[in-house]
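The structure appears below as structure tokens.
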Amino acid sequence: MSEDKRKAALDYHEFPKPGKLSVEITKPTATSRDLALAYSPGVAEPCREIDKNPEDAYRYTNKGNLVAVISDGSAILGLGNLGPLASKPVMEGKGVLFKRFAGIDVFDIEVKSESPQAFIDTVARIADTFGGINLEDIKAPECFEIERELISKCDIPVFHDDQHGTAIVTAAGMINALELQDKRIEDAKIVCLGAGAAAVACMKLLISCGAQSQNLYMLDRKGVIHTGRDDLNQYKAMFAIETDKRTLADACDGADVFVGLSGPDLLTADMLKSMAPNPVVFACSNPDPEIKPELALETRDDLILATGRSDYPNQVNNVLGFPFIFRGALDVRASVINEEMKVAAVHALRELAKEPVPEDVIQAYDGERFEFGKNYIIPKPMDKRLLTNVCAAVARAAVDSGVARLPYPAHYPLESIDDIK
Ligand SMILES: NC(=O)C1=CN([C@@H]2O[C@H](COP(=O)(O)OP(=O)(O)OC[C@H]3O[C@@H](n4cnc5c(N)ncnc54)[C@H](OP(=O)(O)O)[C@@H]3O)[C@@H](O)[C@H]2O)C=CC1
Ligand SMILES: CC(=O)C(=O)O
Ligand SMILES: [Mg+2]
């Protein structure tokens, strides 16, 4: 990042007040009568009601619109394990996105934990406060056990964003990109650099969308994950294939697709050159992708390129998923976010990219026109129709699959966050 941009980013976080989120009051507090309702003695009444009927917490508190964004800081973006405190700007940032795009309030919680079990116990003990839990930036393989245990312990949605949010957006973008490149997902030779939280979930979802596991080369720091390796955890082992390929260069030779969920500057121009005609390259590591977009685009002109960043075309980033998935789940009080809801979100996202782009989105992007094609495979985060379409699809899937505790909302589809009840 240039020195100017670095300073701008630090100033943005520091001024006029440190941080990016604050708490607001939603009820009158001007008079002593107001205080007698808000606090003692009035506050005792909802306490008694909730004691008799725990569901009343949704009626008398902010639980139903409050999501915890929780991290242990063990895989902060692509920066690695910087610990919980250094993850706070990202967690506050997720809170900003939840609020800005889906009207959801967030407490960001950074947990110092000596083991996955300590983290699980901490989160399970505070879960009742919230309507949902968004786990963020927790490294593999611990993230898999943490999410599984918390889903089983909590009766609210628990969703590891780096796994499922990323997978949903990647699958939507990939289906559209392959269609534009005139390739079938069933035939595509896919290279996935990274074998962690995001990579494992993305590849599982691509397989359930039609990708063939024998066409999929997953790599970690030691190279291709193949059946001859004896150092694989159970999550990597699911992707082990019989092959002579060992390095990223070997895997890229003739590949149709590269998905990067690893770290910066790992895909070289020579590797990109060796890929099949009309390749799809999702270099999704944040903040620095697996290949610099400028280098990728000057290396070949027949590719579709996406990154996780806001400052290049085709932003394949979980921001297109988690705000709207949680909105839909909260509005029908879903107990979990299940596969049906995830698949519904994939199709809502992918279909929206094919619709004409409204003027307000064009204005938000400095007047740039977008049309379904190589530089517009997936909607823009500023598109209000994400709230309309993705929330509706997720809520409908929750109701139809039997995990909703409320009916499909009468006030849906949402046109804007002002419509949220
Ligand atoms: N665009 C988006 O929406 C998202 C992007 N991401 C990005 O994906 C990346 C991974 O995140 P996440 O899955 O949460 O983290 P994890 O820590 O769970 O996984 C990281 C994986 O990347 C691999 N890796 C790291 N460096 C290299 C390298 N030099 N060569 C090969 N493999 C490498 C690791 O290999 P090993 O197993 O050997 O340690 C590991 O498998 C980050 O850069 C993150 O920003 C994540 C979520 C969303
Ligand atoms: C986008 C995101 O969640 C990540 O890079 O970790
Ligand atoms: Mg993340």
If each part is reduced to its alpha-carbon centroid, region 3-23 and region 290-324 end up apart, in Å, by 25
What's the percent breakdown of Cα-Cα distances in region 227-310 across 5 Å bins, shortest bin first? 3, 14, 23, 22, 17, 12, 7, 2
Taking the alpha-carbon set of region 185-285, what are its Rg and Dmax in Å? 12.2, 35
Sorted by Cβ density within 10 Å, fewest first, the residues 396, 125: 125, 396
Between 156, 344, 170, whose Cα lies farthest towards the positive end of the dipole of the chain when Lys and Arg beta carbons carry +1 and Asp and Glu beta carbons carry -1, centred on the Cα centre? 156
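Just to check, using Stokes-Einstein with a Kirkwood Rh over alpha carbon pairs, what's the diffusion coefficient of region 244-366 at 25 °C and 0.890 mPa s in µm²/s?
On the way: Rh = 16.6 Å.
The Stokes-Einstein estimate is 148 µm²/s.
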Both in Å, the radius of gyration and Dmax of the C-alpha trace of region 187-241 are 10.2, 29
Normalised by the empirical 2.2 N^0.38 Å for globular proteins, what value does the Cα Rg of region 91-150 take? 1.17
Post the alpha-carbon centroid distance, region 37-75 to region 150-167, in whole angstrom. 20
Dipole of the chain, positive end: most advanced residue of 198, 141, 25 [Cβ charges, Cα centre]: 25
Could you name the lysines in cross-link range of residue 153, using Cα to Cα under 23 Å and dropping any fewer than eight places away on the same chain? 52, 63, 112, 139, 342
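Treat the count of other C-beta atoms within 10 Å as a stand-in for reagent exposure and order 319, 403, 390 from fewest to most. Don't skip to the answer; put the middle values down first.
Numbers: 319 22, 403 19, 390 30.
Final ranking by Cβ density, sparse to dense: 403, 319, 390.
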Put one equal scatterer on each alpha carbon of region 51-129, apply the Debye formula with no solvent term, and list log10 I(q)/I(0) at q = 0.13, 0.21, 0.27 1/Å to two decimals. -0.48, -0.98, -1.21
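When the Cα atoms of region 377-421 are enclosed in a convex hull and the volume is divided per residue, what value in Å³ results?
Working: hull volume 3.5 nm³, N = 45.
Hull volume normalised by residue count: 79 Å³.
For region 1-136, build the convex hull from the C-alpha positions and give me its volume per residue in Å³. Before the final figure, lay out each step's value.
Numbers: hull volume 19.2 nm³, N = 136.
In region 1-136, the Cα convex hull volume per residue is 141 Å³.
Report D for region 325-421 in µm² per second (integer): Stokes-Einstein, Kirkwood Rh on Cα pairs, 4 °C, 1.567 mPa s. Mind dumping the intermediate values first?
On the way: Rh = 14.0 Å.
Answer from the Stokes-Einstein relation: 93 µm²/s.
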Tilt, helix 88-102 to longest principal axis of the chain (alpha-carbon atoms), in degrees rounded to tens, equals 80
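Which of 13, 411, 347 comes first, and how do the rest follow, when ranked by fewest Cβ neighbours within 10 Å?
Values: 13 14, 411 10, 347 18.
The order, fewest Cβ neighbours first, is 411, 13, 347.
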Among 258, 238, 271, whose Cα sits farthest toward the positive end of the charge dipole of region 168-285 (+1 at Cβ of Lys/Arg, -1 at Cβ of Asp/Glu, about the Cα centre)? 238
For the chain, the longest principal axis of the Cα atoms and the Cα long axis of helix 142-153 enclose an angle in degrees, to the nearest 10, of 40
Beta bridges by DSSP in the chain, antiparallel share as percent, to the nearest 5: 15
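What does the charge dipole of region 107-197 about its Cα centre add up to, to the nearest 20 debye, if the Cβ of each Lys and Arg holds +1 and the Cβ of each Asp and Glu holds -1?
Working: 8 positive and 18 negative charges, 45 e Å.
Here the size comes out at about 220 debye.
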Using amide H atoms built 1.01 Å from N in the peptide plane, name the residues 5+ places from residue 241, or on other chains, whose amide H lies under 5 Å from its own. 226, 227
Can you tell me what the convex hull of the Cα atoms of region 8-70 projects to on average, as an area in nm²? 6.7
Cα long-axis angle, helix 197-208 against the chain (0 to 90 degrees, to the nearest 10): 70
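If each DSSP helix of 4+ residues adds -39,500 (n - 2.57) and the sum is divided by the residues in the chain, what number results at 222 nm, nearest 500 deg cm²/dmol?
-12000 deg cm²/dmol
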Please give the charge dipole size of the chain, origin at the Cα centre, charges +1 on K and R Cβ atoms and -1 on D and E Cβ atoms. Round to the nearest 20 debye. 540
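Rg over Rh of the chain, using C-alpha atoms and the Kirkwood radius, what does it come to?
Rounded to two decimals, Rg over Rh is 0.98.
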Where a ≥ b ≥ c are the square roots of the eigenvalues of the C-alpha gyration tensor, would you call region 116-262 rounded, which needs a/c under 1.5, or, failing that, prolate if a/b is larger than b/c, or oblate? oblate
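Please state the charge dipole magnitude for region 290-379, taken about the Cα centre, from unit charges on C-beta atoms (+1 on K and R, -1 on D and E), reported in debye and rounded to the nearest 20. Before the final figure, lay out the partial values.
On the way: 10 positive and 16 negative charges, 73 e Å.
So the dipole magnitude of region 290-379 works out to roughly 340 debye.
What translational diffusion coefficient, to the nearest whole µm²/s, does region 255-296 have by Stokes-Einstein, given a Kirkwood radius computed over alpha-carbon pairs, a temperature of 4 °C and 1.567 mPa s viscosity? The partial results should precede the final answer.
Values: Rh = 10.2 Å.
My calculation gives 128 µm²/s for D.
Any read-out appearing in this document is the output of simple, stated calculations on the displayed coordinates, not a laboratory observation. Keep in mind the model is a prediction, meaning the values are calculated, not measured. A quick note on method: Cβ atoms are made from the backbone with ideal geometry, for glycine too, and the neighbour counts reach across all protein chains shown.
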